[in-house]
Amino acid sequence: GEDVPTPRSNHAMVACGEHILVFGGWSVDNMTPLSHCELLHSDTLCWTHCSTRGSIEPGPRGNPSLVYRRGSKCAVLFGGWNGIHALNDLWYLDMDVWQWHNISQERPKSDLWPTPRTDHTAVLWEASEEKD
């Protein structure tokens, strides 16, 4: 059988409810960027490959950032390095239907979009509606 998780370095990882989602990174040869995601179930500690729907998905990359938005059950992926250049594309994975969406294709043409970057970090800060 195939090893799960796939050995990798410089990947992105985020807690998503009862799972931990891993995306991208570099294969064991440290030269091949990866594009698939894997899940760790936090209760059972069992790994599985993710199967996504649709015809579009992020290209292979190492060193991206990944955050999770609880309310919409979406993982949001930004940037990274594909082995040739830094990226500034923005994707979200709808974890209800397991389908990737490329947000960067829908962006307005402006100077406000982030420049390509790799080896960065991201945080999604969701404000609470409760007041202390």
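Just wondering, is there one or more residues in the stretch 89-102 that are part of a strand (DSSP E or B), charged (D, E, K, R) and in contact with a strand residue (DSSP E or B) (Cβ under 6 Å, 6 or more places away or on another chain)?
Taking the stretch 89-102 first, the residues part of a strand (DSSP E or B) are 89-94, 99-102.
Subsequent filtering for residues that are charged (D, E, K, R) retains 89, 94.
The next check asks that each one be in contact with a strand residue (DSSP E or B) (Cβ under 6 Å, 6 or more places away or on another chain); those that pass are 94.
Yes: one or more hits.
Of the numbered conditions (1) touching a residue at least 24 places away in the same chain (Cβ under 8 Å); (2) among the acidic types (Asp, Glu); (3) part of a loop (DSSP other than H, G, I, E, B), residue 29 satisfies every one except a single condition; which is it?
Condition not satisfied by residue 29: (1).
Residues of the stretch 77-96 being more than 15 Å from residue 38 (Cα to Cα) and of a type in the set (A, V, I, L, M, F, W, C), which ones?
Residues satisfying the conditions are 78, 81, 84, 86, 87, 90, 91.
Given the criteria farther than 20 Å from residue 124 by Cα and under 13 Å from the mean Cα position of the chain (by Cα), does residue 65 qualify? Talk me through it step by step, then tell me what you get.
Numbers: farther than 20 Å from residue 124 by Cα: no; under 13 Å from the mean Cα position of the chain (by Cα): yes.
No; evaluated as a whole, the condition is false for this residue.
Determine which single condition residue 78 fails, assuming it passes every other condition in (1) more than 30 Å from residue 111 (Cβ to Cβ); (2) not in a loop (DSSP other than H, G, I, E, B); (3) not charged (D, E, K, R).
Status for residue 78: all satisfied but (1).
Being assigned to a loop (DSSP other than H, G, I, E, B) and more than 14 Å from residue 60 (Cβ to Cβ) is the filter; apply it to the stretch 4-26 and report the residue that is most open to solvent (accessible area, probe 1.4 Å). Working first, answer last.
Of the residues in the stretch 4-26, the ones assigned to a loop (DSSP other than H, G, I, E, B) are 4-8, 10-11, 17-18, 24-25.
Right, trim to more than 14 Å from residue 60 (Cβ to Cβ) and you get 4-5, 7, 17-18.
Working: 4: 51, 5: 50, 7: 71, 17: 70, 18: 96 Å².
Here the answer is 18.
The values are calculated or read from the model by the stated rules, or taken from the named source; none is laboratory data. Please read these numbers as outputs of a predicted model, since none were measured by experiment. Quick reminder, even Gly has a Cβ in these numbers, built from the backbone with ideal geometry, and neighbours come from all protein chains shown. Note: accessible area is taken over every heavy atom of the protein model, side chains too, but ligands, DNA and RNA are not part of it. Shrake-Rupley method; radii C 1.70, N 1.55, O 1.52, S 1.80 Å.
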